[in-house]
Each structure stands twice: as C-alpha cells, then as structure tokens.
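Structure, as structure tokens:
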Amino acid sequence: MVRMKRAFFLVAVVCAAQPQPTVADRAVSPEVNGNRVTFRIFAPKAESVTLNGDWMKLGTRVPMTKDADGVWSITQGPFEPQVHLYSFNVDGMNIADPVNPRIKLRARTSASLFEIPGDAPWIAKDVPHGTVEMGTHHSKVLGDVREVFVYTPPGYERNRNARYPVMYLMHGNNDVAAGWTWTGRAHIILDNLIAAGKAQPMILVMPWAHAAPFGAPGKKNTEMFERYLVEEVVPLADSRYRTVKDRQSRAIAGLSMGAGHSLHAGLRHLDLFANIGLFSGGQSTGMEETHKAVLADSKATNAKLKTFWIAIGTDDEGLDRNRAMRAALRQHGIRFTESEGPGGHFYPVFRRELAEFAPMLFRR
C-alpha cells in the first residue's frame with residue numbers, strides 16, 4: 001500500500017512538472033475541415049488583426065474576431081483543391097502564421113501555406129516522383145554565389161543513357177529561387193503530368209531571378225539576368241545534367257517578372273530557345289526598340305518559334321498591359337497562343353498556367 005502511494009506520488013510529481021498547454025499552444029492554425037479552413041492567432045494585446053489570402057482580390061484584408069482568451073479567428077471557404085498562401089496583419093504589421101511550419105519565403109516579408117486535398121495537378125499523388133536538387137555556384141557575371149533549383153524527372157537516375165529537354169523556369173518579383181518548388185509545386189505538377197502521359201519527361205532549371213538587388217530598376221535587373229542566364233545558367237545545366245543541347249529542346253518560361261525575363265531573353269536568343277511561355281506578365285511598352293530585329297522579320301521569327309504561349313488571369317491587375325503586349329505582337333505578325341482564365345496575380349493561377357503550358361512542349 002505504501003509502495004502504491006509512493007508510485008502515485010511520483011507520477012503526480014512528474015505530471016505536475018510537465019509544462020501545461022497554454023492558450024497559445026491550443027490556437028491550432030490553419031485547421032482544415034473539408035473544404036473550409038479556420039485561421040487562428042494568439043495576440044491578446046492586439047487591437048486589430050486581419051487575414052489576407054491569395055483567394056481574395058489584391059489588397060483585401062478581412063477582420064478577424066477576438067475571443068476572451070485573446071485568440072483571433074476566422075473561417076473561410078469553400079476552397080477548391082489547391083495550395084493557398086495567406087498572412088496576418090497584426091496592428092499594421094504583416095506576419096506569417098506563427099504556428100504553421102509551412103512558410104512561403106520571399107525577398108521581403110513572408111507568408112504561410114495550406115493545402116486543400118483533392119484531384120488537381122499540383123496535389124501530390126501516388127505516382128513516380130522526380131528529384132529536386134538545390135545547387136550553388138559562383139557567378140562571375142553577377143559577382144556573388146547563386147542558388148539554382150533543378151528538377152530531374154522520374155527515371156533520370158536509372159536511365160543513364162537518356163537525355164532530356166529542359167525548361168528554364170523563372171519566379172516573380174519578391175520571390176526566391178525555391179519559389180517554383182516550395183510554393184509553385186512545379187515538381188509535383190510535372191510528376192503528375194508525366195505519369196498521366198500528358199507531358200514529356202523534362203528537366204526544370206529554376207535559378208534565382210533577382211540578378212540585381214531586390215528593388216533595383218526593372219530594366220537593369222532584366223538585362224543582368226539575361227547575361228547570367230545565357231552565359232552561365234544554360235552552360236551550367238548542360239555540363240551538370242544530361243540535357244539535349246539544341247534549341248528545339250529548350251524552353252524558357254516564367255511568371256510575372258519571370259515572364260518579362262522570358263520574353264526578353266527568349267526573343268533575343270532564339271538561337272537557344274524555340275519555346276517561350278509567359279505566365280501573367282511580359283512587356284507592354286518598348287518592345288519595338290528592345291526586339292526591333294525580331295519584330296521586323298516576323299516570317300523568320302515565326303519559323304524559329306515552335307511554341308509561344310501567353311496566359312493571364314482575368315482579375316490580374318496587369319491584364320490591360322498584357323493585352324497591349326499581345327496587340328503589339330499581332331500588329332507585327334508574330335504568332336502565339338493566348339489564354340485568359342479566372343483568377344488574379346497569385347500562385348493558384350501560375351500553377352494552372354504551368355500545368356497548361358508543359359504539355360505543349362517537346363512533342364516529337
């Protein structure tokens with residue numbers, strides 16, 4: 001009996017020594033329930049907390065409700081199967097969700113991610129998966145150490161004699177080299193498309209697209225990135241990976257700022273790239289000067305372009321500029337395929353655009 005009391009006492013002491021869950025620990029966020037999601041943040045001294053998400057119109061902030069314990073919450077939905085980005089604004093300061101480990105890093109500020117499961121190209125499925133490597137190298141053109149993410153398709157390690165076409169895929173402004181994998185899910189999209197027989201096995205090369213420091217004038221950044229891509233990234237990929245080293249087997253594509261990079265470098269280097277994809281971006285003014293020779297000889301340009309695809313969301317703030325760019329290309333007789341779909345300037349649209357573009361490439 002004494003031993004039982006002593007054992008009970010020891011258990012009670014141990015339990016008492018364990019830290020008790022706090023209100024902050026109990027603030028589960030995000031909580032996915034079917035196609036609806038509840039967001040929470042423990043901020044007892046805050047006077048105002050709002051939620052912003054990429055499913056909202058740009059600039060929208062939805063007020064959250066505070067309970068007696070100091071936990072602010074809001075439920076949103078319904079959502080379609082998708083990976084979404086969101087952040088909180090606490091008394092004027094934008095922050096990521098402090099209890100969600102899925103972080104979207106950016107050049108300035110950060111945000112958080114949640115996933116609604118379902119049947120979509122960007123949702124991971126039970127299919128063969130490729131490999132994503134993060135490489136670093138010193139750039140002589142830019143004078144610093146750069147990151148490059150590279151996706152190799154399923155079977156790349158086994159098929160030692162096989163060579164693969166390459167898509168050079170650029171992120172947008174205020175993003176990082178990991179943007180197209182961590183947030184864009186480019187590797188998952190390619191895994192699913194290849195498994196379904198909708199896309200050819202290919203390599204994705206995803207460099208850090210801020211050649212100039214973040215916030216530098218766009219023209220300087222575009223011109224510096226062009227040199228970096230052509231003089232260093234393409235040769236680096238061809239030397240390290242089993243690529244097909246011809247223009248028919250290279251594509252250049254990107255979102256927003258990356259679309260501008262793709263248009264600029266793609267049209268100026270048709271000797272390297274026969275395929276160009278512009279996702280929610282491009283160039284609306286100054287094309288006549290930048291691409292004078294290409295636009296002046298539309299017959300030669302069209303003969304070199306195997307695929308030229310331009311897509312944008314109908315709620316994108318750059319829709320008018322994108323349409324002006326397409327009108328200018330048409331005026332000069334340049335052939336391209338265009339697509340306008342629902343959505344704004346967010347990754348759910350960019351993922352869809354990649355999933356539509358990739359199947360067009362490298363068909364024999």
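Here are the criteria: (1) surrounded by 24 or more Cβ atoms within 10 Å (Cβ to Cβ); (2) touching a residue at least 40 places away in the same chain (Cβ under 8 Å); (3) not in a strand (DSSP E or B). Tell me which single one residue 251 does not satisfy.
Residue 251 satisfies every listed condition except (3).
From (1) over 14 Å from residue 168 (Cα atoms); (2) surrounded by 21 or more Cβ atoms within 10 Å (Cβ to Cβ), pick out the condition that doesn't hold for residue 220.
Here residue 220 clears every test but (2).
For residue 59, work out the one condition from (1) within 25 Å of the chain's Cα centre (by Cα); (2) part of a loop (DSSP other than H, G, I, E, B); (3) surrounded by 15 or more Cβ atoms within 10 Å (Cβ to Cβ) it doesn't fulfil.
(3)
Among the residues of region 119-154, how many are part of a loop (DSSP other than H, G, I, E, B) and touching a residue at least 24 places away in the same chain (Cβ under 8 Å)? If you could, list the steps in order and put the result at the bottom.
Here is the first cut: in region 119-154, the residues part of a loop (DSSP other than H, G, I, E, B) are 119-130, 140-143, 153-154.
In the following step, the residues that additionally are touching a residue at least 24 places away in the same chain (Cβ under 8 Å) were identified as 119-125, 127-130, 140-142, 153-154.
Residues in region 119-154 being part of a loop (DSSP other than H, G, I, E, B) and touching a residue at least 24 places away in the same chain (Cβ under 8 Å): 16 in total.
One line per residue, one yes/no per condition, for (1) hydroxyl-bearing (Ser, Thr, Tyr); (2) assigned to a helix (DSSP H, G or I); (3) over 25 Å from residue 139 (Cβ atoms):
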| site | (1), (2), (3) |
| --- | --- |
| 237 | no, yes, no |
| 261 | no, yes, no |
| 267 | no, yes, no |
| 270 | no, no, no |
| 283 | no, no, no |
| 311 | no, no, yes |
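What are the pairs with Cβ atoms under 6 angstrom where one residue, in region 261-288, is β-branched (Val, Ile, Thr) and the other, located anywhere, is in a helix (DSSP H, G or I) and crowded, with 24+ Cβ neighbours inside 10 Å? Sequence gap at least six, or different chains.
Within 6 Å, the pairs are 276/262; 276/266.
If a residue has to be at pLDDT below 95 and either outside the structural domain of residue 292 (by TED's automatic domain parsing) or over 14 Å from the mean Cα position of the chain (by Cα) (or both) to count, how many in region 345-364 make the cut?
Of the residues in that region, 2 qualify.
So is residue 193 assigned by TED's automatic domain parsing to the domain that holds residue 159, within 30 Å of residue 117 (Cα to Cα), hydrophobic (A, V, I, L, M, F, W, C) and part of a helix (DSSP H, G or I) or not?
Yes; evaluated as a whole, the condition is true for this residue.
Which of the residues belonging to region 318-342 are in a loop (DSSP other than H, G, I, E, B) and in contact with a Gly (Cβ under 7 Å, 6 or more places away or on another chain)?
318, 342
Restricting to region 132-166, what's the tally of residues that are closer than 30 Å to residue 221 by Cβ and exposed (fewer than 14 other Cβ atoms within 10 Å of the Cβ)?
So the count comes out to 8.
Could you please find all residues in region 97-122 being small (Gly, Ala, Ser) and at pLDDT 95 or above?
Keep residues of region 97-122 that are small (Gly, Ala, Ser), which gives 107, 110-112, 118, 120.
Once the filter is applied, which keeps residues that are small (Gly, Ala, Ser) and at pLDDT 95 or above, region 97-122 yields only 112.
If I filter region 297-323 down to residues being within 28 Å of the chain's Cα centre (by Cα) and hydroxyl-bearing (Ser, Thr, Tyr), which single residue comes out as nearest to residue 259 (Cα to Cα)?
Among them, the one singled out is 307.
The values are calculated or read from the model by the stated rules, or taken from the named source; none is laboratory data. This structure is a prediction, so every number in the text was calculated from the model and none was measured. Note: ideal-geometry Cβ built from the backbone for every residue, glycine included; neighbour counts use all protein chains shown.
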